[in-house]
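Asks: One structure coming up, written as structure tokens, with questions to follow.
The values are calculated or read from the model by the stated rules, or taken from the named source; none is laboratory data. Being a predicted model, the structure only gives us computed values, none of them experimental. Don't worry about glycine lacking a Cβ; one is built from the backbone with ideal geometry, like all the others, and counts go over all protein chains shown.
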Amino acid sequence: MNTSTRPARLILIVDDEQLLLDYLGEVLRHAGHEVVQATSAEQALELISQREPDLALLDIHMPGMSGMELAKQLHSSTSVPFMFLSGRGDSDASKQAAAYGAVGFLVKPVDEKQLMPAFEAGLARADEIRQLRRTELNLNAALAAGRETSLAVGLLMCKFQTDRNTAFEVLRDHARSSRRKVNEVADQLLGAEEILNSLHAAFNGRLKK
């Protein structure tokens with residue numbers, strides 16, 4: 001692996017077999033990655049709470065909390081992508097791994113020729129998932145900003161009895177002159193309107209007394 005063109009990743013390996021942990025860690029470090037190891041799911045969760053890895057390799061069968069149970073927690077409460085390690089190579093095990101959201105599946109005993117291609121494929125899939133999540137977050141933010149701007153334009157149209165294009169141009173020009181984003185000014189405008197409406201209701205309440 002050419003570490004000059006690919007940045008090192010933090011890889012978490014979780015397995016109750018120390019010899020396998022050491023072997024996998026050595027292979028991945030030799031490939032230029034940073035590696036942390038855990039011999040139980042509980043220890044893995046503690047390490048993840050301190051720093052989330054770019055990818056986790058989880059042994060399916062471990063004493064106490066299993067790799068499957070750990071995967072459930074990772075899927076529900078973190079953004080950590082994971083692969084499974086298993087002594088079983090049957091289709092049921094691989095289907096179960098896919099159902100849990102795994103980005104890869106390795107069968108023991110693992111050798112370097114098997115590990116690195118599967119690991120690189122899993123890491124590439126993990127990157128794709130992260131990019132999709134970032135895109136979704138950016139899209140949601142953009143949609144929220146669009147809603148705020150649309151509401152603010154509607155407010156200006158009502159207040160000043162003008163058309164939509166003029167209201168938007170005035171809002172945009174004000175944002176430019178104050179060197180701010182349109183959605184920031186729109187959000188401030190909507191907040192001010194909410195305060196004014198609250199005060200208006202308070203004044204009406206006093207007048208009725």
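Asks: Residues being crowded, with 17+ Cβ neighbours inside 10 Å and among the small types (G, A, S): count how many of those fall in the stretch 42-66.
Replies: Within the stretch 42-66, residues that are crowded, with 17+ Cβ neighbours inside 10 Å and among the small types (G, A, S) number 2.
Asks: Still on this structure: Which one of these is in contact with a strand residue (DSSP E or B) (Cβ under 7 Å, 6 or more places away or on another chain) and within 19 Å of A99 (Cβ to Cβ): A38, A56?
Replies: Details: A38 fails: within 19 Å of A99 (Cβ to Cβ).
Residue meeting the stated conditions: A56.
Asks: Looking only at residues in the stretch 1-22 that are free of Cβ contacts under 8 Å to residues at least 40 places away in the same chain and either among the polar types (S, T, N, Q) or surrounded by 17 or more Cβ atoms within 10 Å (Cβ to Cβ) (or both), which one is nearest to V110 (Cα to Cα)? Even if it seems obvious, please write down each step before you answer.
Replies: Looking only at the stretch 1-22, we keep the residues that are free of Cβ contacts under 8 Å to residues at least 40 places away in the same chain, and these are 2-8, 18-19, 21-22.
If we keep only those that are either among the polar types (S, T, N, Q) or surrounded by 17 or more Cβ atoms within 10 Å (Cβ to Cβ) (or both) as well, we get 2-5, 18, 21.
Details: N2: 22, T3: 23, S4: 26, T5: 26, Q18: 14, L21: 11 Å.
By that ranking, first place goes to L21.
Asks: Which numbered condition in (1) modelled with pLDDT of 85 or more; (2) exposed (fewer than 14 other Cβ atoms within 10 Å of the Cβ) is the only one that E128 fails?
Replies: (1)
Asks: Could you list, in sequence order, the residues of the stretch 26-35 that are buried (at least 18 other Cβ atoms within 10 Å of the Cβ) and without any contact (Cβ under 8 Å) to a residue 40 or more places away in the chain?
Replies: The answer is H33, V35.
Asks: Could you tell me which of the residues A71, A102 is part of a loop (DSSP other than H, G, I, E, B), within 25 Å of D54 (Cβ to Cβ), modelled with pLDDT of 80 or more and under 19 Å from the mean Cα position of the chain (by Cα)?
Replies: Details: A71 fails: part of a loop (DSSP other than H, G, I, E, B).
That would be A102, the only listed residue that is part of a loop (DSSP other than H, G, I, E, B), within 25 Å of D54 (Cβ to Cβ), modelled with pLDDT of 80 or more and under 19 Å from the mean Cα position of the chain (by Cα).
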